[in-house]
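Working notes for the structure below.
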Amino acid sequence: MDAGQPATDDGSRISLHFLSTSLKLPALARFESAAAVNPGLNKQAAEAASAYLRDLTVSRSDFISKLDSSAANTDAELDVAVSSYISLLLGLVNSYAAADATAGLDQETDARLQALLGAGQKKISASDECAAVSQQMLGNAPGRHCLVFQWQDVLIPTTQSSSADTVYELASALVATAVWKQRRAVYLCQGGKQGTSSDAAIKAYSLLRSAGGLFQFAKEKCTPLLANICPSLDCNSQVLQGHMQVALADAQSITVLRAIQKGNAPSLVAALACDTAAMYQAAAQAFNHPSCSSHGSKACRYAEWKLLIFQGYMYAFTGLHHLKSHEGGKAVQCAGEATSLCQAAVKAAAAFDKAAPASVPVDHVHFDVTFGDCSASVYAKCKRQNDTIYYNHIPEELPTPPEPKRLVTPTGFQLPAPSLAVLKGVASTCCAWSGAGVGSASLPPHQLGTSMGTKQAVAGQPPAELSTPATGQEGTSDTACWRWLLVIIALPLLAIISVVGIVVWVVLLPLKCCCCPVGMIAQLVWDAFEWMIKAPLRGLLWASGKPWKPTKAANEKQNSKSSSPV
């Protein structure tokens with residue numbers, strides 16, 4: 001709990017366990033900003049551009065230093081650092097028109113005119129207009145593709161990704177902040193056997209809601225601008241959707257366990273647990289989506305495990321609700337389902353621990369014991385009271401689950417206002433492509449999507465020809481597979497044709513040499529059998545998609561090589 005906040009500890013303790021991923025940090029702490037300065041600027045504009053990029057570098061370094069540990073800094077410090085960095089980065093994401101100094105009025109003159117004109121339609125100030133525009137993710141900045149960023153991907157596999165796109169950088173910064181907040185919540189809830197205090201649980205609840213809001217913003221605002229061009233799985237919409245659901249479900253799980261600890265109505269606990277299980281189910285479905293390649297990942301196994309846990313809580317307290325309504329048979333059926341889910345959860349927990357990176361069961365042993373004791377005690381109570389008091393028949397089918405009740409919502413994230421340098425238009429001009437530079441900074445924005453993985457351009461020279469991906473690549477791959485399959489099936493027949501051609505070729509060889517008057521006819525026959533000899537080779541060339549004869553460009557290149565002096 002942060003200093004200066006009032007104590008809210010009511011003495012209750014709950015056992016919690018949350019998903020903990022590795023800290024998301026850049027693969028390179030610094031980026032090369034000198035190559036992004038437009039050499040066509042005058043001296044004053046070049047100095048302003050250099051100052052802007054220098055401030056951007058310093059702000060990014062400060063933000064990264066706050067990400068290094070989830071325990072050393074407070075979330076307030078991290079929020080200030082990321083807001084400061086994003087306010088500068090927005091100049092390379094959105095295009096902001098420079099303010100027209102000659103058309104505007106000073107504040108005092110504007111106030112006098114408003115007083116003389118009287119009350120009327122409220123005038124929208126330039127700052128309010130910029131604040132509204134800053135919340136829009138347009139991605140139309142001229143310098144959007146001038147810097148190359150690299151980050152570690154931590155949400156699914158631990159790999160590296162890079163992109164010459166500031167929208168990718170913005171999304172990565174937001175995801176890194178969300179992961180930090182999740183790890184901070186894990187750090188606060190390491191209560192051990194005695195459990196987590198109310199103060200720590202409430203703070204963790206706030207952090208998880210904030211993390212959910214960051215994942216939501218990155219998914220809804222950033223990923224549409226990165227569709228089909230970003231190599232990072234941390235910026236995949238389904239992965240972000242899954243982690244948003246996990247963060248919100250973890251937050252509501254705190255509410256469920258606190259409601260159980262405080263002895264709230266079983267119907268309320270069952271409704272909250274039902275909705276929590278639904279969020280974990282939505283997360284598992286998102287992780288199993290084909291587009292994110294995360295089936296069997298640590299996060300996916302975690303969502304499946306927690307789904308069984310809170311379905312068990314739902315049926316256990318649904319049973320208590322039916323018992324309270326004197327429906328002993330339904331109560332026993334629900335409580336029995338809770339014990340079955342407890343057994344399934346033990347196996348799911350083992351699968352979660354085995355998933356990379358491996359974890360140990362002792363990390364969540366108290367959480368597991370709490371659920372096991374709860375389900376066992378509820379079943380024993382329902383069975384005992386039905387056998388001694390109600391004598392109800394136990395139905396074969398489970399009763400209808402309660403209506404889910406959701407109390408948690410993501411804390412909405414809003415982009416900070418652009419910095420003064422951004423509003424002055426410095427960012428819009430300092431990184432505009434000038435045709436010179438190093439690496440991806442020297443390529444025009446519309447070509448940067450294909451420049452990744454190509455050789456860097458030489459300074460002072462125009463970019464080399466880029467290899468753009470061919471359209472219909474999947475269809476071409478399927479056609480090639482069918483070609484190879486047909487050639488493999490027909491290869492024995494082609495081999496027989498080739499052998500026959502060789503035999504006839506040998507027989508007709510004297511005829512070609514001696515019968516000059518019928519040379520044209522002999523040549524045609526000769527060409528036909530030559531084709532038969534080369535039938536297997538032609539089939540292989542056809543399957544690989546290569547031409548049967550050398551292209552004109554290849555012939556010219558060969559001729560130029562042969563005619564060049566040694």
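Out of (1) touching an Asp or Glu at 6+ places or on another chain (Cβ under 9 Å); (2) without any contact (Cβ under 8 Å) to a residue 60 or more places away in the chain, the odd one out for ALA355 is which?
Exception for ALA355: condition (1).
Can you tell me which residue in region 325-365 is nearest to the chain's Cα centre (by Cα), limited to those that are farther than 22 Å from GLY296 by Cα and open to solvent by 70 Å² or more (accessible area, probe 1.4 Å)?
Applying the filter and picking the extreme gives LYS330.
Can you name the residue in region 318-343 that is free of Cβ contacts under 8 Å to residues at least 24 places away in the same chain and assigned to a helix (DSSP H, G or I) and, of all such residues, is farthest from CYS274 (Cα to Cα)?
Within region 318-343, the match that is farthest from CYS274 (Cα to Cα) is GLN343.
Which residues, taken from region 247-296, are open to solvent by 40 Å² or more (accessible area, probe 1.4 Å), in a loop (DSSP other than H, G, I, E, B) and not small (Gly, Ala, Ser)?
LYS262, ASN264, ASN288, HIS289, PRO290, HIS295
Would you say LEU116 is assigned to a helix (DSSP H, G or I) and either at pLDDT 90 or above or surrounded by 13 or more Cβ atoms within 10 Å (Cβ to Cβ) (or both)?
No; evaluated as a whole, the condition is false for this residue.
Among the residues that make up region 215-225, is at least one of them farther than 28 Å from ALA277 by Cα and open to solvent by 10 Å² or more (accessible area, probe 1.4 Å)?
Yes - at least one qualifying residue is present in region 215-225.
For region 344-399, what are the residues that are part of a loop (DSSP other than H, G, I, E, B) and over 28 Å from ILE156 (Cα atoms)?
Selection gives TYR391, ASN392, HIS393, ILE394, PRO395, GLU396, GLU397, LEU398, PRO399.
Restricting to region 27-76, count the residues that are at pLDDT 80 or above, of a type in the set (S, T, N, Q) and either open to solvent by less than 70 Å² (accessible area, probe 1.4 Å) or under 24 Å from ASP153 (Cα atoms) (or both).
Of the residues in region 27-76, the ones at pLDDT 80 or above are 42-68, 74-76.
After this cut, where a residue has to be of a type in the set (S, T, N, Q) as well, the list is 42, 44, 50, 57, 59, 61, 65, 74.
Restricting the remaining residues to those that are either open to solvent by less than 70 Å² (accessible area, probe 1.4 Å) or under 24 Å from ASP153 (Cα atoms) (or both) gives 50, 57, 59, 61, 65, 74.
Selection size over region 27-76: 6.
The values are calculated or read from the model by the stated rules, or taken from the named source; none is laboratory data. In this text the structure is predicted, and so the values were computed from the model without any measurement. Neighbour counts are summed over all protein chains in view; Cβ atoms, including those assigned to glycine, are modelled from backbone coordinates with ideal geometry. Side chains are part of the model used for accessible areas, which takes the heavy atoms of the whole protein and leaves out ligands, DNA and RNA. Shrake-Rupley method; radii C 1.70, N 1.55, O 1.52, S 1.80 Å.
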